[in-house]
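Have a look at the structure below, then the notes.
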Amino acid sequence: MRNALFSGTDALVDGFSEALKSVGARSVVVERQTGSNGVDAVVRAQFGSVPLVLDAEVKLTPPRTRAEVGALPSVQSGSVPVIVAPFLSPVVRDELARAGWSHWDATGNMRISSIDPAVWIDRVGASRDPEPRNDAQPQRLRSLKGKAASQVIVRLLSTRREASVRELSRETGTGLGTVSRVVELLREQGLLEDTNGGPIVAANQLELAQRWARDYGFETTFKPARYFSLLGEEIALDRLQRSGFTYALTGTRATAIEFETRGLVAPLPASDIWLYTDNVPGVERALDLAPDRRGNILVARADFLTAGEGTQGTEPRIAVPWRIVGDLLGAGGRLAAVGEVLAATQPRGVTV
């Protein structure tokens, strides 16, 4: 039994009421609750001749993971329960929908689903929290854009499972604190399986890669230098193979090689040359490259080539498949579609 409303609950319920009016409710009546049913408010909205009764549960600290959504009460027949919160992440909103909960948040995200009476409202607000909490964990990771985060993600995508944060740190050569923050973010967003404190397991590799690509990009993260080849691309690639430098191709060139090794035809012809190396000046000299802001040869400095991620044993050498997938997804457009096709050819990894 709730004896008093939480601080801030009234404002959120009022905001929810105004949102209902903005999508066509002729009248909205709010009954604040302190009774045994446990909801914060019963909201009665009239849509034309259709009355709709919504049980609003206000979450000042909203659920952030699939597990927290799963801990919500089961939806009862005939009820239209609504989570009302300051902000709900895309992952949590999807999980609420699967669990039968409607939702509204103060940034404008709203989904109201009722079978009887038949009412469907779907509005999109912010995809990121405009006022992220910064109290208990000031060092919490907010983005997967960084180079170190990309190594952790690629490792998880490639294996799907790692024994522990410490093992993941050892395998990638990434600091323990960084790995912990990446894993925490993935867990909060429901991208890892709940293994009860057991191994770290990616729930769905493509979903994880797509979430990573929302923050990450080959050009935005690694900021490669652009060049024009004075010798022509094929001669430049031949010199690269014979240079003795550590490197790995990515993008459409690497995709074409990866598909060829699998006896498949690449969905797009190879175009620009994207490559990682630990020696950008050396590659520039060996390939006789001329700096050009619109050049189609992109050379990025990367440390992971000598760490756990490495490269594949092809000639010319290419990055591991999930690194290529991430680079394509992060580029958007047709390249992202190619990344999804490449992802579909990859083994699903180990399972618990």
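The values are calculated or read from the model by the stated rules, or taken from the named source; none is laboratory data. Everything numeric here is computed off the predicted structure, so don't read it as measured data. Note that we place each Cβ from the backbone using ideal geometry, even for glycine, and neighbour counts take in every protein chain shown. Remember, those area values only see protein heavy atoms, side chains included, never the ligands or the DNA or RNA. Shrake-Rupley method; radii C 1.70, N 1.55, O 1.52, S 1.80 Å.
Odds and ends about this structure:
- Simple label model, 7 Å out from Cα along Cβ direction - Arg226 to Leu264, nm: 3.0 nm
- Taking the C-alpha atoms only, the angle from helix 333-344 to the longest principal axis of the chain is near 90 degrees.
- For the chain, the Cα-based Rg and Dmax, in that order, read 25.0, 79 Å.
- Distance between the 7 Å Cα→Cβ label points at Ser143 and Ser74: 4.3 nm.
- The listed residues Arg348, Arg253, Arg239, once ranked by accessible area (1.4 Å probe) with the largest placed first, stand as Arg348, Arg239, Arg253.
- Computed extension length for Asn204-Asp278: 23.5 nm, one decimal, from 0.36 nm per residue of separation with the Cα-Cα distance subtracted.
- Relative contact order (percent, whole number), the chain, Cα cutoff 8 Å, 6+ residue spacing: 13 percent
- Taking the protein heavy atoms of the chain in the context of the full set of protein chains, the accessible area attributed to carbon and sulfur is 50 percent at 1.4 Å.
- Nitroxide proxy distance, nm - points 7 Å out along Cα→Cβ at Asp122 and Arg293: 4.2 nm
- Per residue, the solvent-accessible area of the chain (1.4 Å probe, heavy atoms of protein chains only, all protein chains present) comes to 48 Å².
- GNM top mover of Ser22, Ser114, Ser77 - the chain, alpha-carbon springs below 10 Å: Ser77
- Between Thr306 and Asn196, the FRET efficiency from the beta-carbon distance, with R0 = 35 Å, is close to 0.50.
- Using Cβ point charges alone (K and R +1, D and E -1), the dipole size of the range 102-217 about the Cα centre works out to roughly 500 debye.
- Using alpha-carbon coordinates, inclination of helix 321-331 to the longest axis of the chain, degrees: 70 degrees
- Selected from Gln210, Gln76, Gln312 as most flexible by GNM, with the chain as the system and alpha-carbon contacts under 10 Å: Gln76
- Taking every DSSP helix (H) stretch of at least 4 residues in the chain, weighting each as -39,500 (n - 2.57) and dividing the sum by the residue count yields a mean residue ellipticity at 222 nm of -10500 deg cm²/dmol.
- R0 of 30 Å, Cβ-Cβ distance Arg214-Asp14: FRET efficiency to nearest 0.05: 0.40
- Efficiency of FRET from Cβ geometry, Arg285 and Glu234, R₀ 22 Å, rounded to 0.05: 0.75
- GNM result for the chain, Cα springs below 10 Å: residue of Ala319, Ala225, Ala213 fluctuating most strongly: Ala225
- Other residues within the sphere of radius under 10 Å centred on the Cβ of Ser150, judged by their own Cβ, net out at +1 (K and R +1, D and E -1).
- Positive-end extreme of charge dipole, the chain - chosen from Leu157, Val280, Trp101 (charges on Cβ): Val280
- Solvent-accessible area of Val165 with every protein chain in place, 1.4 Å probe, in Å² to the nearest 10: 40 Å²
- The heavy atoms of Lys145 present about 90 square angstrom of accessible area, all protein chains included, probe 1.4 Å.
- Remark: the Cα gyration tensor places the range 215-343 in the rounded category, a/c being less than 1.5.
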